[in-house]
1. Of all residues in the stretch 80-97, which are within 21 Å of the chain's Cα centre (by Cα) and either open to solvent by 50 Å² or more (accessible area, probe 1.4 Å) or on the phi > 0 side of the Ramachandran plot (or both)?
2. Which pairs turn up if I take residues in the stretch 359-373 that are open to solvent by 50 Å² or more (accessible area, probe 1.4 Å) and look for partners that are of a type in the set (Lys, Arg) and at pLDDT 95 or above with beta carbon separation below 8 Å, at least 6 apart in sequence or on another chain?
3. In this structure, does Ser332 turn out to be touching a residue at least 24 places away in the same chain (Cβ under 8 Å) and open to solvent by 40 Å² or more (accessible area, probe 1.4 Å)?
4. Being under 17 Å from Ile72 (Cβ atoms), of a type in the set (A, V, I, L, M, F, W, C) and in contact (Cβ under 8 Å) with a residue 40 or more places away in the chain narrows it down to one of Ile442, Ile408, Ile417, so name that one.
5. Restricting to the stretch 404-434, and then to whatever is over 25 Å from Cys301 (Cβ atoms) and aliphatic (A, V, I, L, M), can you tell me which residue is surrounded by the fewest Cβ atoms within 10 Å (Cβ to Cβ)?
6. Against the condition closer than 30 Å to Gly412 by Cα, surrounded by 15 or more Cβ atoms within 10 Å (Cβ to Cβ) and not polar (S, T, N, Q), how does Gly175 come out, does it pass?
7. Any residue that is part of a loop (DSSP other than H, G, I, E, B) and under 23 Å from the mean Cα position of the chain (by Cα) - is there at least one of those in the stretch 111-120?
8. Any residue in the stretch 464-472 that is under 21 Å from Leu371 (Cα atoms) and in a helix (DSSP H, G or I)?
Amino acid sequence: MREVNIRIFELKRKEMQKYPSLNVNQEFDRSITISNLKLSHLEYKNVEGKNLFERVKGFQNLVGSLRKQKIILYERRNMSPPAQECYGMDDYGDIFYGINFASADYLGLCTNEQAKEAAINAAKEYSVNSCGAPLAFGASKYYMQLKEELKDYWGMKEVILYSAGWLAGFGVIKGLIRPYDYVVMDELCHNCLTEGAFAATKNVLRVPHLSLEAMENKVSEIRQTNPNACILVVTEGLFSMDSDYTDLVALQKMTLKYEAFLLIDCAHDFGCMGKTGKGVFELQGLQDFSNVLLMSGGSKCLSTNVGWVACNSFEVIDYLKFFSSAYMFTNSVNPVQCATALAQLRILNSEVGSRLRKKVLENYHYMKKELNSRGYQIIGYPSPILPLLIGNELVCRVVTRLMIDEGIHCNGIEYPIVRMGQARLRVNLQPQHTKEHMDTFIETFHFCYQKASKIVEESLEKYQLSLEQQEQQQQAQSKVNFNDNRMELKKPKL
């Protein structure tokens with residue numbers, strides 16, 4: 001296994017000499033010491049006390065010990081373009097080279113020459129900043145052109161651009177929903193959607209993942225008790241951590257039945273799912289958008305942080321321009337980003353885009369088949385995201401660390417992003433990943449999973465032994481204290 005990776009490293013050795021801290025032949029000692037079994041940071045969220053700075057320091061009891069063992073990987077960074085192979089640096093200054101299954105670039109477009117040329121030309125023509133919100137002279141010709149081409153691509157009448165996908169999800173709900181309205185949403189909806197919902201109204205109801213029955217029961221109950229209430233149902237086109245989706249056609253019909261409205265977050269399926277890349281709603285044949293809002297972002301397939309909301313109602317989009325604070329009080333998407341997004345959008349809408357979508361799904365099926373044959377579980381449906389289930393949070397952390405050591409960039413996902421005991425690798429596939437890339441990943445993962453499981457097992461045994469020793473010491477001390485007290489009682493009183 002390591003021979004394969006060392007061979008890859010040898011091909012890059014000359015280029016890697018500019019990174020003197022990198023030792024391609026280094027054998028890493030990744031044994032860990034467990035001081036407690038608290039694996040989640042959430043217990044430190046609702047800290048109390050009048051001293052704002054002091055009350056957060058207890059968090060270091062957890063994260064500090066993990067950092068010392070280099071299994072917190074919170075700020076890995078690119079040291080070269082995030083292509084199928086790239087350089088990276090971990091949180092601790094160690095530089096590594098390897099195959100990239102971490103970057104969310106679902107069609108592998110971020111390094112294409114058309115987009116880079118478009119960005120350079122826009123920077124030369126406009127400079128690099130929008131210098132204002134849309135209402136304050138911050139738009140550009142590329143900004144307006146992007147809106148028009150997104151409308152055409154999705155077949156929607158109106159589009160509003162936000163400066164990031166997160167802002168679009170938060171902004172559309174906060175901009176339209178009022179404290180007396182209701183939001184019914186899938187329990188796994190993205191943070192931007194839940195934050196927007198709770199910021200808008202206390203009437204937020206979350207239902208079991210993908211349960212159309214639970215969704216309808218909740219909407220029906222609200223409608224019966226509140227005949228005139230506005231109800232917004234919120235779901236996603238593709239849920240990225242599970243790579244699954246609901247029946248959008250059935251969900252839209254249900255919302256019409258109860259005079260409710262539907263918001264679909266297409267951040268992870270836009271560009272890469274469906275015949276022409278419109279998303280899962282295209283894959284499923286949704287055609288009635290009379291009560292539908294579509295939302296998405298460009299960070300996955302347009303190579304930039306733009307976000308947007310689309311609707312067939314001019315009045316709704318125009319209202320958001322005035323009442324969505326995430327739009328009104330944020331600088332416009334700058335010309336460079338808009339030009340980049342335009343270049344990528346035109347690729348999505350071409351024969352090249354079709355070939356890329358087909359190839360990334362072929363890669364998914366190959367990886368799933370090979371990993372399944374080795375006994376590993378892949379959850380969800382075919383997409384550019386392949387969730388590789390591990391289960392144990394600590395094993396997942398160590399696997400992710402070992403994979404980097406072995407020349408594979410990947411992301412470990414754990415609670416609270418997914419359920420406790422459901423930790424996984426979120427493997428981001430690209431059409432440009434070769435069979436050699438994928439085979440290397442599979443063999444590397446198998447090696448690292450076995451090694452990580454052994455490391456964690458040995459660490460748990462040591463931890464259990466230390467607990468037993470502590471208990472024995474406490475019992476011995478208690479016995480000494482008891483005897484001391486008896487001797488004190490037996491002393492004659494003077």
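1. Correct list: Pro81, Glu85.
2. Between residues of the stretch 359-373 that are open to solvent by 50 Å² or more (accessible area, probe 1.4 Å) and residues that are of a type in the set (Lys, Arg) and at pLDDT 95 or above, the close pairs are Tyr366/Lys435.
3. Values: touching a residue at least 24 places away in the same chain (Cβ under 8 Å): yes; open to solvent by 40 Å² or more (accessible area, probe 1.4 Å): no.
No: the conditions fail for Ser332.
4. Values: Ile442 fails: under 17 Å from Ile72 (Cβ atoms); Ile408 fails: under 17 Å from Ile72 (Cβ atoms).
When all the criteria are applied, what remains is Ile417.
5. Step one: list which residues in the stretch 404-434 are over 25 Å from Cys301 (Cβ atoms), which gives 404-407, 414-416, 419-423.
Right, trim to aliphatic (A, V, I, L, M) and you get 404, 420, 423.
Details: Ile404: 22, Met420: 12, Ala423: 24.
Here the residue is Met420.
6. Details: closer than 30 Å to Gly412 by Cα: no; surrounded by 15 or more Cβ atoms within 10 Å (Cβ to Cβ): yes; not polar (S, T, N, Q): yes.
No; evaluated as a whole, the condition is false for this residue.
7. In the first step, residues of the stretch 111-120 are kept if they are part of a loop (DSSP other than H, G, I, E, B); the result is 111-112.
The next check asks that each one be under 23 Å from the mean Cα position of the chain (by Cα); those that pass are 111.
Checking the stretch 111-120: at least one residue is part of a loop (DSSP other than H, G, I, E, B) and under 23 Å from the mean Cα position of the chain (by Cα).
8. First, pick out the residues of the stretch 464-472 that are under 21 Å from Leu371 (Cα atoms): none.
No: the stretch 464-472 contains no residue that is under 21 Å from Leu371 (Cα atoms) and in a helix (DSSP H, G or I).
The values are calculated or read from the model by the stated rules, or taken from the named source; none is laboratory data. Quantities reported herein were computed from a predicted structural model and do not represent experimental measurements. Glycine also receives a Cβ, built like all others from the backbone with ideal geometry; neighbour counts cover every protein chain displayed. The accessibility values were calculated without ligands, DNA or RNA, using every heavy atom of the protein model including side chains. Shrake-Rupley method; radii C 1.70, N 1.55, O 1.52, S 1.80 Å.
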